[in-house]
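The values are calculated or read from the model by the stated rules, or taken from the named source; none is laboratory data. Here the structure is a predicted model, which means the values were calculated and not measured. Because the Cβ atoms are built from the backbone with ideal geometry, glycine has one as well, and the counts that use them run over all protein chains shown.
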Amino acid sequence: MLREDKNIVKEPDLSYGGLYSYADYLEWNLDETLELIKGKVFKKTAAPNRLHQRLSLHIASEFYQFLKGKTCKVYEAPFDVRLPHKSLRNEDIHTVVQPDICVICDPEKLDVAGCLGAPDLVVEILSPGNNQKELQIKYALYEESGVKEYWIVYPVEQSLIIHLLVNDKYKPSRPFTVGDVVGSSCVEGFQMNLSELFQE
């Protein structure tokens, strides 16, 4: 259910027992990054570390260079992805996430606020403190929202697992690592050399 009071909330109350909406989210004026998952607030535990940022920049750059002149577009956090359940009204949207990287191939999903609907491909890079959210909560969220391809990058292990949506369920690849070249089913022709990604 939506919040019963009509007062504008300038910051989220983590003890609030109801559901926040995207309309609430738009009213918050905070320096920290928040995500809203099924009406509940999730705070980023800390700024991404240097390795996380380097990997994110490398992956986003690879997609950006490949997608020049193509319909699909790549975006890097902070970038709001709204995942509506029934209605497209701000008051009825209870999930707003900021994937590390996402690729959207349907221009109709893009607006001035970000992306409205499931991206075709999402990349999340694990960081200390956020593994549970990425591996459990977001995994289930992206699966049920119809994200066709979900990449999880493990920086310490220098590995990557690609989850493909098959019959509404994710099917994981084997772990890819240094020496492998990975491609994408959503972005035809794209390839990325993991030896270059993980080199320090």
Problem set entry | Subset of region 30-61 [under 22 Å from residue 187 (Cβ atoms), hydroxyl-bearing (Ser, Thr, Tyr) and in contact (Cβ under 8 Å) with a residue 60 or more places away in the chain] | 56
Exercise. Going by the structure shown, is residue 99 under 10 Å from the mean Cα position of the chain (by Cα) and buried (at least 18 other Cβ atoms within 10 Å of the Cβ)?
Worked result: yes
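Quick check, is residue 134 without any contact (Cβ under 8 Å) to a residue 24 or more places away in the chain and in a loop (DSSP other than H, G, I, E, B)?
Answer is no for this residue.
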Problem set entry | Residues of region 142-169 classified as touching a strand residue (DSSP E or B) at 6+ places or on another chain (Cβ under 9 Å) and in a loop (DSSP other than H, G, I, E, B), total | 6
For this session: Answer yes or no as to whether residue 73 is at pLDDT below 95 and either out of contact with any Ser or Thr (no Cβ under 8 Å at 6 or more places or on another chain) or not hydrophobic (A, V, I, L, M, F, W, C) (or both).
Result: no
For this session: Go through (1) under 22 Å from residue 38 (Cβ atoms); (2) free of Cβ contacts under 8 Å to residues at least 24 places away in the same chain; (3) surrounded by 14 or more Cβ atoms within 10 Å (Cβ to Cβ); (4) not β-branched (Val, Ile, Thr) one by one and return the number of the condition residue 64 breaks.
Result: (1)
Exercise. Does residue 2 count as assigned to a loop (DSSP other than H, G, I, E, B), in contact with a strand residue (DSSP E or B) (Cβ under 8 Å, 6 or more places away or on another chain), of a type outside the set (Val, Ile, Thr) and modelled with pLDDT under 90?
Worked result: no
For this session: Could you list all residues from region 19-53 that are farther than 28 Å from residue 92 by Cβ and crowded, with 16+ Cβ neighbours inside 10 Å?
Result: 48, 52
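Based on what the data block shows, is residue 137 under 12 Å from the mean Cα position of the chain (by Cα), over 17 Å from residue 187 (Cα atoms) and hydrophobic (A, V, I, L, M, F, W, C)?
It is true that residue 137 is under 12 Å from the mean Cα position of the chain (by Cα), over 17 Å from residue 187 (Cα atoms) and hydrophobic (A, V, I, L, M, F, W, C).
Can you tell me how many residues in region 147-174 are acidic (Asp, Glu) and more than 15 Å from the chain's Cα centre (by Cα)?
Of the residues in that region, 2 qualify.
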Exercise. Hey, any hits in region 68-86 for a residue that's surrounded by 13 or more Cβ atoms within 10 Å (Cβ to Cβ), assigned to a helix (DSSP H, G or I) and touching a Phe, Trp or Tyr at 6+ places or on another chain (Cβ under 8 Å)?
Worked result: no
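Conditions tested, residue by residue: (1) touching an Asp or Glu at 6+ places or on another chain (Cβ under 9 Å); (2) surrounded by 20 or more Cβ atoms within 10 Å (Cβ to Cβ); (3) part of a helix (DSSP H, G or I).
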| residue | (1), (2), (3) |
| --- | --- |
| 88 | no, no, no |
| 91 | yes, no, yes |
| 103 | yes, yes, no |
| 115 | yes, yes, no |
| 118 | no, yes, no |
| 128 | no, no, no |
| 140 | no, no, yes |
Exercise. In region 28-49, which residues are modelled with pLDDT of 90 or more, out of contact with any Gly (no Cβ under 8 Å at 6 or more places or on another chain) and not hydrophobic (A, V, I, L, M, F, W, C)?
Worked result: 35, 38, 40
Problem set entry | Positions within region 145-200 being over 18 Å from residue 134 (Cβ atoms), without any contact (Cβ under 8 Å) to a residue 60 or more places away in the chain, of a type in the set (D, E, K, R) and surrounded by 11 or more Cβ atoms within 10 Å (Cβ to Cβ), in sequence order | 180
